[in-house]
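Trainee: Quick one: the structure is below, and I'll ask about it shortly.
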Amino acid sequence: MSLRERAAWKALAAHHAEIGGKHLRELFAEDPSRGERLSAEAAGLYLDYSKNRVTDETLRLLVQLARECELEEQRDLMFSGAPINTSEHRSVLHVALRMPKTAPLVVDGVDVVAQVHGELDRMAAFADRIRSGQWRGHTGKPIRAIVNVGIGGSDLGPVMAYEALRHYTQRDLTFRFVSNVDSTDFVEATRDLNAEETLFIISSKTFGTLETLTNAHSARDWVVGQLGDEAAVAKHFVAVSTNADRVAEFGIDTANMFGFWDWVGGRYSMDSAIGLSTMLAVGPEGFAELLAGFHEMDEHFRTAPLGENLPALMGLLTVWYVNFFNVQSVGVMPYEQYLKRFPAYLQQLTMESNGKHVTRDGRPIDYDTGPVYWGEPGTNGQHSFYQLLHQGTRLIPVDLIGFGQTLNPLRDHHDLLSSNVFAQAQALAFGKTEEEVRAEGTAADVVPHRVMEGNRPSNVLLAERLTPRVLGALVALYEHSVFTQGTIWGIDSFDQWGVELGKVLAAKIIPELTGAAAPNPEHDSSTRELIRRYLALKG
Ligand code: F6P
């Protein structure tokens, strides 16, 4: 059945016509306990969703929509290892990456949890050797710098987690991340490093990604160039991949390879062996805490009633805005400097997952799917783009993420920071009326400029402080919110065919740019001219 034909969808459309214009000021005035009531809590995260343009009836209908779209059944299928990634005929089992050792999960005759823990144990043994200085480089020196080479899910998770957990990292180890095929990325990341003390982690699920393999070859040249011996590769390179053949072909001993499985999507892989750099940074115990946080949120998502279920609620609210308010984008603003790369991480998670135009069974879609996710650390954003959030013509729901404690107490900085979380949510919701502006004695011609319409929705997420465990819970929260949205929209949130065409076309153009082939006269006139000019500029 098409989504538009579902009873709950139709009821939501009628309901939106009725209450869509209602102001948050009215909603709060009608229910003095709204602020406490419309909240939920799990895995160390408190969600205040009271400043959303919803009534109890909206929430009831959204939950009904979730039921009609079989969210609970789809969720259970995912947790059971069913091949819910239909276009790739794969299971979607990132939740197994964080299941405890004691809970076996057998899929197609294989205990995937035992496999996961086998790999975690290998990673932990390796991490201990690197962190303690026991693993020696080619010339006998301990490793002091770790460079993760990967892109997309093989980079964004590792770099986000490293930045987020920097407080907990072993500070005598330096971590760098190279992703872009732009040579500047590699050159700047390695310019002050010494190959004798540097370990490269080549992270690629497929081990076939052009950017990563190009950077990996440059890394090998850099190591061999400095150390003067091909044999150095053995001590300065490890791989993380699902493709042992390609790893061996590249020249990395598969004994130094950490594996994962095709049931882990790239953007869902930061808690697999792709997190090796994270484990090297925070240690096996810190990594175990991260996994525990993920698992706690997984369990909440799996078991809590939909009306109290954080990821389900956040996903359903996004559907409400995207499909009934025509919202195009969602902002995520962490009020925690360590989470500065969290929005970038979320962009792949959300947009590669839900940027889809057909249903799971290939039918075209006649409603909007995934919104644009974006964001920056909060207070910086306030002095930049928040103007548009407050007074622009577009409705942009935001998630504001705050913490009760800072990891770096300094005078009253943290209270000043946190006051902004609450003040921004307040200003967005309630704004400032014309009467209020006039009452301040504002000159008549300036009044319209100072009026703030308000009625702009936000979620506030609050946790005690940023720990590996809280980070795990936070990431799992968004993973399952994405799952909830994708399930309502009836799409495959786990493939990414849209990124393929550009790769294929680039592969055809490369020889024309390197001089290995003559420029192709069959290109469209724009591409032909751009290539001609590029070659002229290249000289
Ligand atoms: O091109 C997109 C993508 O396939 C992502 O989904 C993935 O995370 C990234 O490329 C990197 O892929 P790999 O880990 O195989 O190098």
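Coordinate-derived values only; no laboratory data. Keep in mind that this is a model prediction, so the values were computed, not measured. Here the Cβ is made from the backbone with ideal geometry for all residues, glycine too, and neighbour counts use every protein chain on show.
Trainee: For the stretch 242-263, list residues with backbone N below 11 Å from a point placed 7 Å from the Cα of Asp108 toward its Cβ?
Mentor: The answer is 262-263, whose backbone nitrogens lie closer than 11 Å to the label point.
Trainee: Now for a separate question. If you place +1 on the Cβ of every Lys and Arg, -1 on the Cβ of every Asp and Glu, and leave all else neutral, what size is the dipole of the stretch 96-283 about its Cα centre, to the nearest 20 Debye?
Mentor: Around 540 debye, computed over the stretch 96-283.
Trainee: Between Tyr367 and Asp192, how many nm apart are label points set 7 Å from Cα along the C-beta direction?
Mentor: In this crude spin-label approximation the distance works out to 5.2 nm.
Trainee: Continuing with the same structure: What is the packing order of peptides 228-234, 409-415, 146-152, 113-119, taking the mean over residues of other C-beta atoms within 10 Å and listing the highest first?
Mentor: Going from most to least packed, we get 146-152, 113-119, 228-234, 409-415.
Trainee: Between Ser132 and Asp245, what is the spin-label point distance in nm, taking each point 7 Å from the Cα along the Cα→C-beta axis?
Mentor: Going from the Ser132 label point to the Asp245 one covers 3.8 nm.
Trainee: Related question: For the chain, what is the number of Lys pairs with C-alpha distance below 20 angstrom, counting only pairs 8 or more positions apart or on separate chains?
Mentor: Qualifying lysine pairs in the chain: 8.
Trainee: Then there is this: Residue separation times 0.36 nm, minus the C-alpha to C-alpha distance between His89 and Arg166: what's the value?
Mentor: 24.0 nm
Trainee: Next question, about the same structure. Please give the helix 525-538 orientation as an angle from the longest Cα principal axis of the chain, in degrees from 0 to 90, rounded to the nearest 10.
Mentor: Relative to the chain, helix 525-538 is tipped by roughly 50 degrees.
Trainee: Taking the Cα centre of the stretch 498-538 as origin, sum charge times position over the Cβ atoms of Lys and Arg (+1) and Asp and Glu (-1), and report the length of that vector in debye to the nearest 20. Walk me through the numbers on the way to the answer.
Mentor: Numbers: 6 positive and 5 negative charges, 35 e Å.
It works out to roughly 160 debye.
Trainee: Can you tell me, using C-alpha contacts under 8 Å and at least 6 residues apart, the relative contact order of the chain as a whole percent?
Mentor: That works out to 19 percent.
Trainee: Net charge near Gly251: determine it from the other residues with C-beta under 15 Å of the C-beta of Gly251, scoring Lys and Arg +1 and Asp and Glu -1.
Mentor: -3
Trainee: Taking the Cα centre of the stretch 52-143 as the origin, how large is its charge dipole in debye, to the nearest 20, when only Lys and Arg (+1) and Asp and Glu (-1) carry charge on their Cβ atoms?
Mentor: Computed charge dipole of the stretch 52-143: roughly 840 debye.
Trainee: In nm, to one decimal, how far is the Glu41 label point from the Val504 one, both placed 7 Å along Cα→Cβ?
Mentor: Label-label distance for Glu41 and Val504, simple model: 5.3 nm.
Trainee: Another question about this same structure. Counting other C-beta atoms within 10 Å, which of His480, His383 has the fewest, and how do the rest follow? List each step's numbers first, then the result.
Mentor: Working: His480 24, His383 8.
With the fewest neighbours first, His480, His383 line up as His383, His480.
Trainee: By how many degrees, 0 to 90 and rounded to 10, does the Cα axis of helix 276-303 deviate from the longest principal axis of the chain?
Mentor: Once rounded, the angle reads 40 degrees.
Trainee: Nearest 0.05, what FRET efficiency do Arg25 and Asn180 give at R0 = 56 Å with Cβ-Cβ as r?
Mentor: Between Arg25 and Asn180 the formula returns 0.75.
Trainee: Which one of Ala234, Thr102, Asn256 is farthest out on the positive end of the charge dipole of the chain, using unit charges on Cβ (Lys, Arg +1; Asp, Glu -1) and the Cα centre as origin?
Mentor: Toward the positive end, the furthest listed residue is Ala234.
Trainee: Net charge around Val187, counting only other residues with Cβ within less than 13 Å of its Cβ (Lys, Arg = +1; Asp, Glu = -1)?
Mentor: -3
Trainee: Follow-up. If you stretched the chain out fully between Arg533 and Asn380, how much longer would it get, using 0.36 nm times the residue separation minus the C-alpha to C-alpha distance?
Mentor: Contour length minus the Cα-Cα distance gives 51.2 nm.
Trainee: Still on this model: Among Asp262, Asp185, which comes first, second and so on when ranked by fewest other beta-carbon atoms within 10 Å?
Mentor: Exposure proxy ranking, most exposed first: Asp262, Asp185.
Trainee: Given only helices, namely DSSP H runs of n ≥ 4 each adding -39500 (n - 2.57), what is the per-residue ellipticity at 222 nm of the chain, to the nearest 500 deg cm²/dmol?
Mentor: The helix-only estimate for the chain comes to -14500 deg cm²/dmol at 222 nm.
Trainee: Given an 8 Å cut-off on Cα distances and at least 6 residues of separation, report the relative contact order of the stretch 50-92 as a percent.
Mentor: 20
Trainee: Helix 468-489 against the longest principal axis of the chain: what's the angle in degrees, Cα atoms only, rounded to the nearest 10?
Mentor: With rounding to tens, the tilt is 70 degrees.
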